[in-house]
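The values are calculated or read from the model by the stated rules, or taken from the named source; none is laboratory data. Since we're looking at a predicted model, the values are computed, not measured. Here the Cβ is made from the backbone with ideal geometry for all residues, glycine too, and neighbour counts use every protein chain on show.
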Amino acid sequence: MPAAAESKSYLIRGGRVYDHDGDVHQPAQADILIENGVIARVEPGIAAPAGVEVIDAGGRLVAPGFVNAHYHSHDVMLKGMFEEMPFDIWALHTNASSYGARSHREVRVRTLIGAAEMLRNGITTVQDFLTVYPAEEAYVDTVLSAYEEAGIRVAFGIAARDRAALDIAPLMKELPEAIRQRLVGTSRPAKEELDFIAGQMKRLGKNPKPLITWVLTPSAPQRCSPELLEGLAALSREHGLPVFTHVYETRPQAAAARVQSVSLLDILSRAGLMNERLNLVHGVWLSASDIATLAEAKARVVHNPISNLKLKSGAAPILDLHRAGIEIALGCDNYSCAETQNIFIAMRMLCLLPAITSPEPHPINAAMALRAATLTGAKAVGLEGKAGALKPGMAADLMILNLNEPAFVPFNSAARQIVFSEAGGAVEAVFVGGRPVVRDFRLVTVDETALAAEAAELSPGFRLEAEALAKRSADLIAPLLEGSRAAWKVKLGIERYIGAKE
Ligand SMILES: [Zn+2]
């Protein structure tokens, strides 16, 4: 069971309670009793036990908290710094190692900024796929303490890569070593990466903090040696840990694999990672046979619709994945390529994006999007049966939406208005592990005004660093774009853009 954040009991009284299996349009009214961080009862007319705090939810909708199944907290300070741009150019501007070691104050502030926005938007669990740079345990501690301070549930993964491999390199004519190093840094021994991750797991234990658990996060198959992937697969088996990895996010990645006659899924299979614990992030350029392989392995896909578009990666084959029976979780991805941690928008895009490839009605409706954002996300991060629905025995991770806010007036359908109308403005209260972390539309765990003031102190210096990096890297843009165009000369038999034919 996920540990409780609080032992105090609460009775959320008189709200409409969203039930995935009930009337998703006009949910019935019920009371929710929370004890020891867990939902104890959900039924109408619960008498308040002694010592319980009663929360009036009349005129409100209580919904399960969202799981943000893909996020990287290392580049929060880059929010709003870039227009849309192709992935490889974006990577040039955002690589964590290009920014050097950050101060612990900045690391704390950036972690809190992300956590604060998520909680305000009803996200109760996040999968942080963190590049810890430099790889020092003090940074891990700073990040985990900030998350504990905010009160959000975290499935924490330390990004692992040992190869200084540049995704697009196989498509670039000549890549002088000096340029390669500027783009990707230097290779590290697989053992060093594995020892750091296993060492942190050992040092901090199964639950580094009451609401924090581990996941494993190899950056991408092409950026890791077989030794590193096999080592992570062994850790996953031994501890039953979910694995997240970026696969076929962009056309250049798929084209590079094709020209080298490799399959990124085969690499994962050979390492022992192709199983139900695997969550493949993005998957925009999966082929039909890749989709069949994933379905057979019962692996999931984490869909990041906003970053897929902002980085011009294309539209993921959501309908094909769904038809193949592959479960889809939702992520918001980095601030540098998606700007906001908002699952309402991700759900909306999940439902709407299939329209660009098919005019037919499709089964990806609002209720299904809500399942993706809650139950599937929970399964992805290892919380199946423990979070994602408002049922007795589940963690009390939930949000209370005020139905007098514009998105819900008039109130015709909970599911459709959560997915198609709401963007976070109606989130009045949020509980994580039974602890109220948002009340009356404000965070109670973090002083948001003070946090904004700290961010304002740090951001001018950070902006200068980002601008200096952009200046230093300007000469690399033309060769990268050339490589990106070369990807179009490689036939893949996959279309992920309208009107862009092979
Ligand atoms: Zn990512």
*Scan the stretch 199-212 and give yes if some residue there is closer than 27 Å to Ala91 by Cβ, outside any strand (DSSP E or B) and in contact with a helix residue (DSSP H, G or I) (Cβ under 9 Å, 6 or more places away or on another chain), otherwise no.*
yes
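Could you tell me how many of the residues in the stretch 257-268 are part of a helix (DSSP H, G or I), of a type outside the set (Asp, Glu) and loosely packed, with under 15 Cβ neighbours inside 10 Å?
Of the residues in the stretch 257-268, the ones part of a helix (DSSP H, G or I) are 257-259, 264-268.
In the following step, the residues that additionally are of a type outside the set (Asp, Glu) were identified as 257-259, 264-265, 267-268.
Now restrict to residues that are loosely packed, with under 15 Cβ neighbours inside 10 Å: 259.
So the count comes out to 1.
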*Cβ-Cβ below 7 Å, separation at least six or inter-chain, first residue in the stretch 294-305 and more than 19 Å from Gly382 (Cβ to Cβ), second away from the ligand (no atom under 13 Å from the Cβ) and outside any strand (DSSP E or B): which pairs?*
Ala295/Ala324; Ala295/Gly325; Ala295/Ile326; Pro305/Ala346; Pro305/Met349; Pro305/Leu350; Pro305/Leu353
*Gly434 vs. criteria within 30 Å of Asn207 (Cα to Cα) and over 21 Å from the mean Cα position of the chain (by Cα)*: yes
*Count, please, the residues in the stretch 252-285 that happen to be of a type outside the set (Val, Ile, Thr), within 24 Å of the chain's Cα centre (by Cα) and closer than 16 Å to Phe87 by Cβ.*
7
*Kindly check whether there is at least one residue in the stretch 270-285 that is in a loop (DSSP other than H, G, I, E, B), out of contact with any Cys (no Cβ under 7 Å at 6 or more places or on another chain), free of Cβ contacts under 8 Å to residues at least 60 places away in the same chain and within 16 Å of the ligand (Cβ to nearest atom).*
yes
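Of these, Ala234, Ala254, which one is in contact (Cβ under 8 Å) with a residue 12 or more places away in the chain, in contact with a Ser or Thr (Cβ under 9 Å, 6 or more places away or on another chain), small (Gly, Ala, Ser) and outside any strand (DSSP E or B)?
Working: Ala234 fails: in contact with a Ser or Thr (Cβ under 9 Å, 6 or more places away or on another chain).
Testing whether each residue is in contact (Cβ under 8 Å) with a residue 12 or more places away in the chain, in contact with a Ser or Thr (Cβ under 9 Å, 6 or more places away or on another chain), small (Gly, Ala, Ser) and outside any strand (DSSP E or B) leaves just Ala254.
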*Read through the list (1) away from the ligand (no atom under 16 Å from the Cβ); (2) closer than 26 Å to Gly493 by Cβ, then give the number of the only condition that Lys312 fails.*
(1)
*Go through (1) at pLDDT below 95; (2) crowded, with 22+ Cβ neighbours inside 10 Å; (3) away from the ligand (no atom under 16 Å from the Cβ) and name the single condition Asn121 misses.*
(1)
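Does any residue of the stretch 72-80 turn out to be over 16 Å from Asn308 (Cα atoms), more than 14 Å from the ligand (Cβ to nearest atom) and not in a helix (DSSP H, G or I)? Walk me through it before giving the result.
Applying the first criterion (over 16 Å from Asn308 (Cα atoms)) to the stretch 72-80 yields 73-80.
Cutting the leftovers down to more than 14 Å from the ligand (Cβ to nearest atom) gives us 77, 79-80.
This time we only want the ones that are not in a helix (DSSP H, G or I), so: 79-80.
The answer is yes; a qualifying residue exists.
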*Would you call Arg223 within 14 Å of the ligand (Cβ to nearest atom) and either without any contact (Cβ under 8 Å) to a residue 24 or more places away in the chain or closer than 24 Å to Tyr71 by Cβ (or both)?*
yes
*asked:* Filter the stretch 124-163 down to the residues that are surrounded by fewer than 22 Cβ atoms within 10 Å (Cβ to Cβ) and more than 27 Å from Leu228 (Cα to Cα) and list them by number.
replied: Ser145, Glu148, Glu149
*Given the residues Ala468, Ala453, which is the only one that is out of contact with any Lys or Arg (no Cβ under 9 Å at 6 or more places or on another chain), among the hydrophobic types (A, V, I, L, M, F, W, C), free of Cβ contacts under 8 Å to residues at least 60 places away in the same chain and under 30 Å from Glu149 (Cα atoms)?*
Ala453
*Among Arg108, Arg102, which is assigned to a helix (DSSP H, G or I), farther than 30 Å from Asn402 by Cβ and at pLDDT 95 or above?*
Arg108
